[in-house]
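The values are calculated or read from the model by the stated rules, or taken from the named source; none is laboratory data. For clarity, every value in this text was computed on a predicted model and none was experimentally measured. As a convention, Cβ positions derive from the backbone with ideal geometry for all residues, glycine included, and neighbour counts pool all protein chains shown. Just so you know, the surface numbers come from the protein's heavy atoms only, side chains and all, with ligands and any DNA or RNA stripped out. Shrake-Rupley method; radii C 1.70, N 1.55, O 1.52, S 1.80 Å.
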Amino acid sequence: MDLGLKGKRAIVTGGTRGIGRATVELLAAEGASVAFCARNADVVAEVAAELTAKGATVFAKAVDVSKEAELKGFIQEAAAALGGVDIYVSNVTGGSLKGAEQWQQSLELDLLPLVHGIDEVTPLMEAAGGGSIIALSSTFGFDNVWPSSPNSYGAFKAAILRHASAAAHALASKGIRVNSVSPGPVYFEDGDWGKIKAGRPEVYEKVLGSIPLGRMGKPEEVAAAIVMLASPVTGYTVGTNLVCDGGMTVRTQY
Ligand SMILES: NC(=O)c1ccc[n+]([C@@H]2O[C@H](COP(=O)([O-])OP(=O)(O)OC[C@H]3O[C@@H](n4cnc5c(N)ncnc54)[C@H](OP(=O)(O)O)[C@@H]3O)[C@@H](O)[C@H]2O)c1
């Protein structure tokens, strides 16, 4: 199927690893021009060079999305470099933080970058005649799959779903579709589950045992869900939460 992404202009936050990187690669492979950011400037340059060598049109910058002015400046620079914005993927997370500061960090790394990103891309997408925004949440945002001590990650992933849903209804009349993607555990070596497998194998095995499909997800599988929602082929899908979790979520999804 032609996803209709040739010539589209996409921005992905946190594009050098895992799900974000797989999304950048898939968007580029589908013919979109892509802007991405992350904090490590060397890795940003490396990933950008790899994509450019494959013929992709890329704008990449070292940015900390927890700093509102940096994030908004990056979005404006990316839009100028690509000639506009049709797709925005809010992917960065602070992860499952521990300790007293976790609530502030989840606010600054998970929720506020989505809020600020939506605010900044809305006029740019209106100028483009519409667009697609995808917010990365998690099954932790709506399901206590492995009951654990309350932590900020699940609470802020829930807030992401709620804000994405409200934004979806507010922006649909402008032709801007907002949707969420909620992965279950996704394994890659330099990601959280790669580290847990190496450092706390008993936790890794326990979680693996709770996934009906019998394996963790791959970044490419979540990227495919994100790119599908980014594509005009899903042009009638607004305000949904697409769960990619190998069947781990127990609730009926409606
Ligand atoms: N992996 C999973 O099992 C899983 C499960 C459920 C939901 N999710 C969600 O899916 C999304 C992606 O997860 P992932 O595991 O692929 O993420 P990840 O391994 O944490 O990678 C995140 C990316 O964001 C960048 N980044 C981190 N902090 C940043 C900041 N302050 N400013 C700019 N860039 C920053 C990282 O590069 P630098 O470190 O160089 O900045 C990296 O490119 C997240 O929203 C996560 O909550 C993941």
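General remarks:
- Leading residue by the ranking (nearest to the ligand (Cβ to nearest atom)) among those in segment 117-143 that are open to solvent by 30 Å² or more (accessible area, probe 1.4 Å) and farther than 30 Å from S210 by Cα: E120
- Residues within segment 173-217 that are farther than 20 Å from T237 by Cβ and more than 10 Å from the ligand (Cβ to nearest atom), tallied: 19
- Flag for S165 being more than 16 Å from the ligand (Cβ to nearest atom), outside any strand (DSSP E or B) and modelled with pLDDT of 95 or more: yes
- Scope segment 17-69; condition near the ligand (Cβ under 7 Å from one of its atoms) and either more than 21 Å from F188 (Cβ to Cβ) or polar (S, T, N, Q) (or both); matching residues: N40, V63, D64, S66
- Residue selection: E220 fails the criterion of being more than 12 Å from the ligand (Cβ to nearest atom), in a helix (DSSP H, G or I) and among the acidic types (D, E).
- Selection within segment 154-211: residues that are surrounded by 13 or more Cβ atoms within 10 Å (Cβ to Cβ) and of a type in the set (S, T, N, Q). The member of this set that is farthest from N241 (Cα to Cα) is S210.
- Sub-9 Å Cβ pairs linking a first residue in segment 227-254 that is under 17 Å from K157 (Cβ atoms) to a second residue that is exposed (fewer than 14 other Cβ atoms within 10 Å of the Cβ), at least 6 apart or interchain, are G239/A166; G239/H169; N241/Q253; V243/Q253; D245/L213; M248/P212; M248/L213, ordered by first then second residue.
- Residue satisfying condition, being of a type in the set (S, T, Y) and more than 22 Å from H163 (Cβ to Cβ), within set T52, T93, T139, T122: T52
- Tally of residues being under 23 Å from Q105 (Cβ atoms) and in contact (Cβ under 8 Å) with a residue 60 or more places away in the chain across segment 161-193: 13
- Selection status of V145, within 30 Å of V250 (Cβ to Cβ), modelled with pLDDT of 95 or more and in a loop (DSSP other than H, G, I, E, B): no
- Residues in segment 72-92 that are within 12 Å of the ligand (Cβ to nearest atom) and closer than 11 Å to A35 by Cα: F74, V89.
- Condition check for G141: closer than 22 Å to P219 by Cβ and within 13 Å of the chain's Cα centre (by Cα): no
- Test result for G95, surrounded by fewer than 16 Cβ atoms within 10 Å (Cβ to Cβ), under 18 Å from the mean Cα position of the chain (by Cα) and farther than 18 Å from K8 by Cβ: yes
- The set of residues in segment 144-160 being in contact (Cβ under 8 Å) with a residue 24 or more places away in the chain and either under 19 Å from the mean Cα position of the chain (by Cα) or more than 16 Å from the ligand (Cβ to nearest atom) (or both) consists of S152, Y153, A155, F156, K157, A159, I160.
Results for (1) crowded, with 19+ Cβ neighbours inside 10 Å; (2) in contact with a Cys (Cβ under 9 Å, 6 or more places away or on another chain); (3) of a type in the set (D, E), shown as yes or no for each residue.
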| position | (1), (2), (3) |
| --- | --- |
| L26 | yes, no, no |
| A32 | yes, no, no |
| A38 | yes, no, no |
| A41 | no, no, no |
| A62 | no, yes, no |
| F74 | yes, yes, no |
| A78 | yes, yes, no |
| D86 | yes, no, yes |
